[in-house]
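These notes concern the structure reproduced below.
The values are calculated or read from the model by the stated rules, or taken from the named source; none is laboratory data. If you're wondering where the values come from, they're calculated on a predicted model, not measured in any experiment. Counting neighbours? That spans all protein chains shown, and the Cβs are built from the backbone with ideal geometry, glycine included.
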Amino acid sequence: MCLFGTGESWGSDPAPEPRVIGGIVSGNSELPWQAYLNMTYRTNGTVRTFICGGVVISPDVVVTAAHCLRNDGETVSVNDIEVWAGITSIFSASASNAVSVRELVIHPSYNAFRFANDIAILKLSSALPDTVVPIQVATTDEQFDADLAFNSGWVDNGERIANLLVSGWGSTDPSDPNSGSTRLRQTLLSGVPDFRCDSLWGANITGLDYPIYLCAGSTSPDLARDSCFGDSGGPLVWQNPQRAGDSDFGLRLVGLVSFGEGCAGRLPGVYTETATYRDWIAAEVGESIFGQPTPSFKVNPFEADYPAENEEGVTTITIDNTGGDSGGGSLSWWWLCAVGWLALYRRRRVVPASSLQQ
């Protein structure tokens with residue numbers, strides 16, 4: 001077991017941190033499935049509040065990362081979780097318009113050591129506002145099609161196809177975990193083939209993990225694009241081209257922000273692959289959750305105008321591919337211990353508003 005600079009052991013539950021690197025500000029109602037979560041932990045007289053993202057999959061059900069709801073072995077109380085959706089500015093979130101949680105369910109096989117099965121369900125006490133529109137969770141068949149798209153769209157050291165969308169209020173500067181945005185931000189990413197992510201992350205991800213992890217990286221090796229501290233539990237969205245003409249543009253939830261090597265680092269970000277958990281979700285909230293009418297979205301976020309250059313102060317790190325697909329550029333658990341100060345989880349502790357970026 002290795003010790004990290006945060007004072008936590010690698011085997012303990014990490015603290016929450018989320019963000020989007022290289023994104024644009026989301027317009028009102030552009031991402032109506034995005035949720036904003038506050039979790040307050042009260043331990044031995046100490047009060048700590050963390051923020052995470054979440055995804056609305058029905059008017060009264062939100063999914064998020066399991067590590068957002070558990071900190072140092074403590075599970076947050078349902079009375080200490082606040083949920084907002086249908087907002088783009090965090091200044092629109094107040095105690096008066098927060099929706100409370102009546103029950104939380106962490107996946108029974110969640111493993112904080114490896115971030116395996118990093119998914120949880122929030123059952124809300126009441127329905128979210130009418131401005132909130134749930135997004136459909138990708139089916140296993142759709143995930144298969146998405147994987148094919150990732151296999152053909154990824155190039156190690158060249159331009160990649162932008163086939164994924166991530167969003168959140170997390171950090172905007174990879175070197176500053178407190179550089180959160182007060183407004184919801186979004187950016188496009190490219191899906192990384194399972195075998196390639198496996199070879200890059202080394203022993204940390206194996207072939208047995210392919211059904212539970214989904215990896216995504218920047219659309220270009222010259223662009224710093226990633227989720228980050230504070231974006232944990234937020235949505236990773238893919239567009240099903242066969243359903244692009246539907247009222248929801250074929251947008252599907254395929255992942256939840258989970259962990260990475262810092263942010264915009266040498267390795268692709270890792271997400272919880274949600275299609276794998278459809279049966280578990282249905283067992284917890286009812287089969288009807290996957291029988292809802294096709295939602296209607298006002299905007300196709302994949303058609304937004306994304307910048308072609310990095311923001312000032314944001315740099316990229318090149319992946320070393322000299323070892324080939326079998327293991328070049330991979331990292332071992334020993335390496336992660338050696339640089340343990342890099343935050344793997346992507347949740348964030350609340351900081352004074354003066355340090356947040358508009």
* To do: Would you mind stating whether Leu165 is under 25 Å from Phe297 (Cα atoms), surrounded by 13 or more Cβ atoms within 10 Å (Cβ to Cβ), at pLDDT 95 or above and touching a helix residue (DSSP H, G or I) at 6+ places or on another chain (Cβ under 8 Å)?
  => yes
* Filter pass, Thr187 being within 17 Å of the chain's Cα centre (by Cα), modelled with pLDDT under 95 and within 17 Å of Phe302 (Cα to Cα) -> yes
* Kindly establish whether Val155 is assigned to a loop (DSSP other than H, G, I, E, B) and aliphatic (A, V, I, L, M). => yes
* Asked: Among the residues of segment 202-218, is any of a type outside the set (Ser, Thr, Tyr), out of contact with any strand residue (DSSP E or B) (no Cβ under 9 Å at 6 or more places or on another chain) and touching a residue at least 40 places away in the same chain (Cβ under 8 Å)?
  -> yes
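Per-residue answers, yes or no, for (1) basic (Lys, Arg); (2) in contact with a helix residue (DSSP H, G or I) (Cβ under 7 Å, 6 or more places away or on another chain):
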site	(1), (2)
Trp238	no, yes
Pro241	no, no
Gly250	no, yes
Arg266	yes, no
Thr272	no, no
* To do: Considering only residues that are at pLDDT 95 or above and crowded, with 23+ Cβ neighbours inside 10 Å, look in segment 191-211 and name the one that is farthest from the chain's Cα centre (by Cα).
  => Val192
* Would you call Leu184 buried (at least 19 other Cβ atoms within 10 Å of the Cβ), within 27 Å of Asn28 (Cβ to Cβ) and out of contact with any Pro (no Cβ under 9 Å at 6 or more places or on another chain)? -> yes
* Asked: Consider Ser247 against the criteria (1) touching a strand residue (DSSP E or B) at 6+ places or on another chain (Cβ under 9 Å); (2) over 19 Å from Gly54 (Cβ atoms): it satisfies all of them except one. Which criterion is unmet?
  -> (1)
